[in-house]
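Here is the structure we will look at, set down as structure tokens.
What follows is calculated from the coordinates using simple rules that are stated; it is not laboratory data. None of the values given here were measured: they were computed from a predicted structure. Here the Cβ is made from the backbone with ideal geometry for all residues, glycine too, and neighbour counts use every protein chain on show.
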Amino acid sequence: MTLYINDKPCEAQVGDLLLNAAKKNKAHIGYICGGNAICQSCFVYVLEGADCLSEPGEDEKAFISDKLFAEGGRLGCRATIVKEGTIRVLTRAEKFRRIVLGLNVPGFITYAQTIGYNVTTKLPSGISSIVSRVQSGRLNPVDSLGKIASGIGPASLLVMNNFVETFPFMQMPLDMAGNAAKGALEAASGALCTVSGGRLHLPGASCPTHDRPQEAIERVPIKLK
Ligand code: FES
């Protein structure tokens, strides 16, 4: 079995989750939500050996658009190695890093468009997947979303700042992306509020139920470690 993560050769065997193989080999695949198929920080592009991986399940289909599937997109916390062969994956972070380092402006715009398309088309199914897993007890919202919220804020700020510094002309699309992200956060916060009876709201978001006309009754304090 040969597995390359961002060109780093890794030891892996049939039955391994991509994410676990990455951890075992100290190769970078993110896992802000702890492997709960929520954050997509473990998203990878499978460049080779897609047939050596398990078929995408419902959790992945809820978050990944057909367009990204067609480009080899998978979640490292859900894709399992099912047969011997050579697998080569590129993480989303590494793909972005290579685009920026290469000053590949057309590549960056295509990349941003694809990600934007995925966000707008898969947001409803992604949120409803999270909510239904919370309702069925397959997902602990406080544990999982706390991890996400504590990671997303600083990470997205860092990425945004780097974008703007590197590509000042992208300011306007980024503002639009920021508004879309804020809308998504508020939609998720409202959904969680319904599920948790008003006990859980995401930091930085307002809850339509409790913010109008009153403040959210409780917010989960998130601290950076
Ligand atoms: S680790 Fe969060 S979606 Fe896979």
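With R₀ set to 41 Å, the beta-carbon distance separating S136 from T114 gives a calculated FRET efficiency near 0.85.
Suppose R0 equals 22 Å. What FRET efficiency, 1/(1 + (r/R0)^6) with r the Cβ-Cβ distance, do L123 and E55 give to the nearest 0.05? Calculated transfer efficiency: 0.40.
Taking a 24 Å limit on the Cα-Cα distance, which of the listed pairs K24/K61; K26/K61; K26/K95; K61/K95; K23/K122 fall beyond it? Listed pairs above 24 Å: K24/K61; K26/K61; K23/K122. Between A187 and K83, the simple label model (points 7 Å from Cα in the Cβ direction) yields a spacing of 3.8 nm.
Distant-in-sequence amide contacts of C39, defined by a placed amide H-H separation under 5 Å and a gap of 5 or more residues or a different chain, comprise C33.
Couplings for the range 79-89, taken from phi via the Karplus curve 6.51 cos²θ - 1.76 cosθ + 1.60 with θ = phi - 60°, read 8, 10, 6, 10, 7, 5, x, 10, 10, 10, 10 Hz in order; Gly and Pro are left as x.
Separation of the range 1-23 from the range 29-49 is 13 Å, based on Cα centroids. Straightening the chain between L47 and K24 buys 6.2 nm, computed as 0.36 nm per residue apart minus the Cα-Cα spacing.
Amide H contacts for G73 (H built 1.01 Å from N in the peptide plane; partners 5 or more residues away or on another chain; cut-off under 5 Å): V46. Note on V14 and R98: the extension gain reaches 27.3 nm, defined as 0.36 nm multiplied by sequence separation minus the Cα-Cα distance.
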